[in-house]
1. Against the definition (farther than 21 Å from residue 73 by Cα and either in contact (Cβ under 8 Å) with a residue 40 or more places away in the chain or outside any helix (DSSP H, G or I) (or both)), how does residue 35 come out, yes or no?
2. Return the total of residues in region 31-43 being surrounded by 10 or more Cβ atoms within 10 Å (Cβ to Cβ) and within 26 Å of residue 12 (Cβ to Cβ).
């Protein structure tokens, strides 16, 4: 939960005020757009294998992949000025 607050604060500090609404819409589209696909893919995988372990392994792999990508982005080392 702290990550979300930090992300929102950083986004507000880095994005120009006139672009902020567009950036928020784009991040929400990217975050929530593919959401309906996850249960479909998980259900198909569960139906094909009959076991839940492949779903857990794929989920863990995606989480670790996302964390790895986030670790190597320049946003990790950004220093912001004073709040507007």
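1. Taking the combined requirement at face value, the residue satisfies it.
2. Residues in region 31-43 being surrounded by 10 or more Cβ atoms within 10 Å (Cβ to Cβ) and within 26 Å of residue 12 (Cβ to Cβ): 1 in total.
Condition check ((1) more than 28 Å from residue 8 (Cα to Cα); (2) modelled with pLDDT under 90; (3) assigned to a helix (DSSP H, G or I); (4) touching a helix residue (DSSP H, G or I) at 6+ places or on another chain (Cβ under 9 Å)) across all residues:
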residue	(1), (2), (3), (4)
21	no, no, yes, no
29	no, no, yes, no
45	yes, no, yes, yes
48	yes, no, yes, yes
57	yes, no, yes, no
65	no, no, yes, no
69	no, yes, yes, no
75	no, yes, yes, yes
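The values are calculated or read from the model by the stated rules, or taken from the named source; none is laboratory data. Since we're looking at a predicted model, the values are computed, not measured. Positions of Cβ are generated from backbone atoms using ideal geometry, with glycine treated the same way; all protein chains shown enter the neighbour counts.
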